[in-house]
Amino acid sequence: MTLEIRKHGRVGAEILGIDLSRPFATGDLAAIRAAFAEHGVVFFRDQSISEEQHIAFARNWGEININRFFAAHPDYPEIALVVKEPDQQHNIGGGWHTDHSYDFEPALGSILVARELPAQGGATAFASMYAAYDGLPEALRARIEGRSAVHSARHVFGSKAGVYEAAQDTRQDGRIGNSGAADVLDDPVHPMVITHPLSGKRAIYVNPSFTVRIQGLSEDASQELLQEIYAHCVKPEFQEDFHWRDGSIAFWDNRATWHYAYNDYHGHRREMHRITIEGEVLR
Ligand code: SIN
């Protein structure tokens, strides 16, 4: 099989000519790594991989982070279950975010495997933070270069009321409510613009679900600037939807993209398996 990289609209790339259930040919992993670094998210179609193969594929990129908030697969703790049952209203990931920005060493990426899909809906949107950075108006760029922001998961997960439930409406206004959650987690500070560890490209590194304030600004000034950045980042020219099919896999880079799971399939079941890979301190 010859591996082929094909751009996926405005964000990401599809990798064709590879069967992830089989041993890799020389150069395959390097090619996937290069596409991942360049495009921020890579997609695979028509795959059939077991849970063990999902875990083995993830280990090519780093240590697996066992998510402390999500329900784990009963037999494979490395796999987080991203499930919406027919009678549930809220979905996991239904607000723009990047996974684990609330960690001191934010996750490199996540590999999501479709296990059960609704007949319609249930797509995932991706936004490129490389493109959003490149498209920043000069004046806005000058206001965030050199600044850092605090990230937190307390308002989302601290109450244990439901994973990401508090974040479900962030697409409309970019804000999430404070659930009054217990003060149980430490809050890391990351640069608002990072140099991507693999590609060397500059990327915006704040997100509506987990960034809580900008250091050195008043609460009002901080929220105002974050809202301006978010309004810029969700412009259609920086986004692309991914429509899942049986056998689809997405491997996204949490340092280069945001994602958002559409919640448009009420009454139907969707089950995805997610493995998140450890990252590093961002600079
Ligand atoms: C997530 O945010 O990790 C889940 C995305 C999805 O289910 O499409």
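The values are calculated or read from the model by the stated rules, or taken from the named source; none is laboratory data. Just so it is clear, the structure is predicted and the values come from calculations on it, not from any experiment. We place every Cβ from the backbone using ideal geometry, glycine too, and count neighbours over all the protein chains shown. To get the accessible areas, we keep the full protein, side chains included, count just its heavy atoms, and leave off ligands, DNA and RNA. Shrake-Rupley method; radii C 1.70, N 1.55, O 1.52, S 1.80 Å.
Restricting the range 252-278 to residues that are open to solvent by less than 20 Å² (accessible area, probe 1.4 Å) and over 16 Å from A127 (Cβ atoms), which is farthest from the ligand (Cβ to nearest atom)? Out of the qualifying residues, it is I277.
Residues in the range 97-138 that are of a type in the set (A, V, I, L, M, F, W, C) and in a loop (DSSP other than H, G, I, E, B): F104, A107, L108, L117, A119, A123, L136.
Looking across the range 229-243, just one residue is within 13 Å of the ligand (Cβ to nearest atom) and either over 16 Å from the mean Cα position of the chain (by Cα) or open to solvent by 60 Å² or more (accessible area, probe 1.4 Å) (or both), and that is H243.
Can you confirm whether Q88 is polar (S, T, N, Q), out of contact with any helix residue (DSSP H, G or I) (no Cβ under 7 Å at 6 or more places or on another chain), over 23 Å from F126 (Cα atoms) and part of a loop (DSSP other than H, G, I, E, B)? Judged against the criteria, Q88 is a match. Contact annotation: residue pairs with Cβ atoms under 8 Å, 6 or more positions apart or on different chains, pairing a residue in the range 10-31 that is open to solvent by 60 Å² or more (accessible area, probe 1.4 Å) with a partner that is in a loop (DSSP other than H, G, I, E, B), are F24/I18. Can you confirm whether the range 185-207 contains a residue that is within 16 Å of the ligand (Cβ to nearest atom) and at pLDDT 95 or above? Yes, there is a match, as at least one residue in the range 185-207 is within 16 Å of the ligand (Cβ to nearest atom) and at pLDDT 95 or above.
When you look at G109, is it within 12 Å of the ligand (Cβ to nearest atom) and more than 14 Å from L282 (Cβ to Cβ), yes or no? So G109 fails the test. For the criterion of being among the acidic types (D, E), modelled with pLDDT of 95 or more, within 16 Å of the ligand (Cβ to nearest atom) and not in a strand (DSSP E or B), D220 fails. The listed residues are R115, R147, and the only one of them that is closer than 28 Å to Y265 by Cα, surrounded by fewer than 19 Cβ atoms within 10 Å (Cβ to Cβ) and in the same structural domain as F210 (by TED's automatic domain parsing) turns out to be R115.
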